[in-house]
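Colleague: Here it is, the structure in full.
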């Protein structure tokens, strides 16, 4: 429906006499409507504010009815322009604060398994109620390996494993849970789909002066899977994030006072050596910009042959030697970021009151998803991105434009 020009009428003579005293002579010149180009650009909220200020209630009511009729078409156009949007999966049901979630690999109706401060639950989009699978305190991270019938959970700083099928069926007993390690901060998984290769898990223990890494391999013997220790490493620095580069190397973000330039360090499992991700001799490294903004190293991602290095206030690209590339394409977030997730070609930057969506090929901010959200999982390629609305407590999935359900 084409937009028609609006004419802002002056208050009636009765209102003028009541509020302004004697009425002034009316201007004989005709009222000129706003140009069509401006009318099409101004938002309906602006009209409502103007009309409300003029105290012209009938015109405001007419405007509201017109805006209401335009709402479906406007929503459709906005969805077509959006790169991505949240789609509700599980509504808050009084089960406590959700801390982590993963897609349920055994469900066929968009189900998820999620952790809270009180335990592990299962929920679906079609069924409003949630099912408690296991009572645990302070669940902070979970991961499932469906082909191995294996489930890993971090609760109260304890890394534990169990059968995925037994957990989903509700028949899991406490004696069936294997407690692998204590005082664990976070863990990361390297998914290895090569024939004969096993997945790998790295658990991080951090203190104010040092970090201990324990690397495990998933071993399956006689249809039973467990975590077998592969190597244990000690690093004399404090870290706060963890990401696999490949099966033998991980990268960590170093907290304040780290010994490496740029705040990121790469650790090799085979050689037990570590080095900075960024080249300390690179003159193009934006060290002054990082120092000036007091940016904190957060995470990094492998994007083709380059690495996307993310701080809480900015991001840029480096090559495999740690030399900065695309010097003119530094990305600066609108607010301080708390976490990131990459789904090429888009980077989702989680800030306090919105999610910024950046195109990493053009280094442009292409969208903002309003609302305070928290990331619930660390998805690899092809895995759903699950987020939590901090205002409502609802769990949603991020759907991108190339997915057919975006226009529903």
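Colleague: Is it true that some residue in segment 108-118 is under 30 Å from residue 137 (Cβ atoms), surrounded by fewer than 15 Cβ atoms within 10 Å (Cβ to Cβ) and at pLDDT below 85?
Modeller: Yes, segment 108-118 has at least one match.
Colleague: Residue under question is residue 188, and the condition is that it be under 19 Å from residue 266 (Cβ atoms) and either part of a strand (DSSP E or B) or in contact with a strand residue (DSSP E or B) (Cβ under 9 Å, 6 or more places away or on another chain) (or both); does it hold?
Modeller: Values: under 19 Å from residue 266 (Cβ atoms): yes; either part of a strand (DSSP E or B) or in contact with a strand residue (DSSP E or B) (Cβ under 9 Å, 6 or more places away or on another chain) (or both): yes.
For residue 188, the condition - under 19 Å from residue 266 (Cβ atoms) and either part of a strand (DSSP E or B) or in contact with a strand residue (DSSP E or B) (Cβ under 9 Å, 6 or more places away or on another chain) (or both) - is met.
Colleague: Let me ask something else. Would you tally the residues in segment 337-361 being assigned to a loop (DSSP other than H, G, I, E, B) and without any contact (Cβ under 8 Å) to a residue 24 or more places away in the chain?
Modeller: 5
Colleague: Still on this structure, I have one more. Name the single residue, out of those in segment 372-383 being in a loop (DSSP other than H, G, I, E, B) and free of Cβ contacts under 8 Å to residues at least 60 places away in the same chain, that is surrounded by the fewest Cβ atoms within 10 Å (Cβ to Cβ).
Modeller: 382
Colleague: Further question: Would you check if residue 197 is part of a loop (DSSP other than H, G, I, E, B) and either within 27 Å of the chain's Cα centre (by Cα) or farther than 19 Å from residue 378 by Cβ (or both)?
Modeller: Details: part of a loop (DSSP other than H, G, I, E, B): yes; either within 27 Å of the chain's Cα centre (by Cα) or farther than 19 Å from residue 378 by Cβ (or both): yes.
Yes; evaluated as a whole, the condition is true for this residue.
Colleague: Related question: Is there a residue in segment 130-149 that is assigned to a loop (DSSP other than H, G, I, E, B) and modelled with pLDDT under 90?
Modeller: Looking for residues that are assigned to a loop (DSSP other than H, G, I, E, B) and modelled with pLDDT under 90, one finds at least one in segment 130-149, hence yes.
Colleague: Here is a further query. Which condition breaks for residue 160 when tested against (1) crowded, with 17+ Cβ neighbours inside 10 Å; (2) in contact with a helix residue (DSSP H, G or I) (Cβ under 7 Å, 6 or more places away or on another chain)?
Modeller: (2)
Colleague: All but one of (1) touching a helix residue (DSSP H, G or I) at 6+ places or on another chain (Cβ under 8 Å); (2) within 21 Å of residue 373 (Cα to Cα) hold for residue 315, so report the exception by its number.
Modeller: (1)
Colleague: Looking only at residues in segment 317-331 that are free of Cβ contacts under 8 Å to residues at least 40 places away in the same chain and assigned to a loop (DSSP other than H, G, I, E, B), which one is surrounded by the fewest Cβ atoms within 10 Å (Cβ to Cβ)?
Modeller: 328
Colleague: Specify which of the listed residues (406, 386) is crowded, with 16+ Cβ neighbours inside 10 Å, at pLDDT below 90 and closer than 21 Å to residue 125 by Cα.
Modeller: 406 is the lone residue from the list that is crowded, with 16+ Cβ neighbours inside 10 Å, at pLDDT below 90 and closer than 21 Å to residue 125 by Cα.
Colleague: Do we have any residue at all in segment 150-157 that's crowded, with 20+ Cβ neighbours inside 10 Å, more than 24 Å from residue 373 (Cα to Cα), in contact with a helix residue (DSSP H, G or I) (Cβ under 8 Å, 6 or more places away or on another chain) and at pLDDT 90 or above?
Modeller: Here is the first cut: in segment 150-157, the residues crowded, with 20+ Cβ neighbours inside 10 Å are 150-155.
Applying the additional criterion that residues be more than 24 Å from residue 373 (Cα to Cα) yields 150-152.
Then drop every residue that is not in contact with a helix residue (DSSP H, G or I) (Cβ under 8 Å, 6 or more places away or on another chain), which leaves 150-151.
Now drop any that are not at pLDDT 90 or above, which leaves 150-151.
Yes, the conditions are met somewhere in segment 150-157.
Colleague: A further question on this structure: Can you tell me which residue among 225, 212, 220, 171 is assigned to a loop (DSSP other than H, G, I, E, B) and either at pLDDT below 95 or surrounded by 20 or more Cβ atoms within 10 Å (Cβ to Cβ) (or both)?
Modeller: Criteria check complete, one pass: 171.
Colleague: Something else: All but one of (1) under 17 Å from residue 240 (Cβ atoms); (2) more than 26 Å from the chain's Cα centre (by Cα) hold for residue 282; state the number of the condition that does not hold.
Modeller: Of the numbered conditions (1) under 17 Å from residue 240 (Cβ atoms); (2) more than 26 Å from the chain's Cα centre (by Cα), the odd one out for residue 282 is (1).
Colleague: Of all residues being in a loop (DSSP other than H, G, I, E, B) and at pLDDT 90 or above in segment 248-269, which is surrounded by the fewest Cβ atoms within 10 Å (Cβ to Cβ)? Just the residue, please.
Modeller: 248
Colleague: Starting from segment 132-152, keep only residues that are more than 21 Å from residue 218 (Cβ to Cβ), then list their pairs with residues that are in a loop (DSSP other than H, G, I, E, B) whose Cβ atoms are within a distance under 6 Å, requiring at least 6 positions of separation or different chains.
Modeller: Between residues of segment 132-152 that are more than 21 Å from residue 218 (Cβ to Cβ) and residues that are in a loop (DSSP other than H, G, I, E, B), the close pairs are 137/156; 138/117; 138/156.
Colleague: Mind checking which residues of segment 90-107 are farther than 22 Å from residue 165 by Cβ and at pLDDT 80 or above?
Modeller: Matches in segment 90-107: 97, 98, 99.
Residues are listed down the side, and each one gets a yes or a no for (1) touching a strand residue (DSSP E or B) at 6+ places or on another chain (Cβ under 7 Å); (2) over 20 Å from residue 254 (Cβ atoms):
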| residue | (1), (2) |
| --- | --- |
| 183 | yes, no |
| 204 | yes, no |
| 209 | no, no |
| 214 | yes, no |
| 217 | yes, yes |
| 226 | yes, yes |
| 230 | yes, yes |
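The values are calculated or read from the model by the stated rules, or taken from the named source; none is laboratory data. Bear in mind that the values here come from a model prediction, so they are computed numbers and not experimental data. No Cβ is skipped: glycine too gets one built from the backbone with ideal geometry, and neighbour counts run over all protein chains shown.
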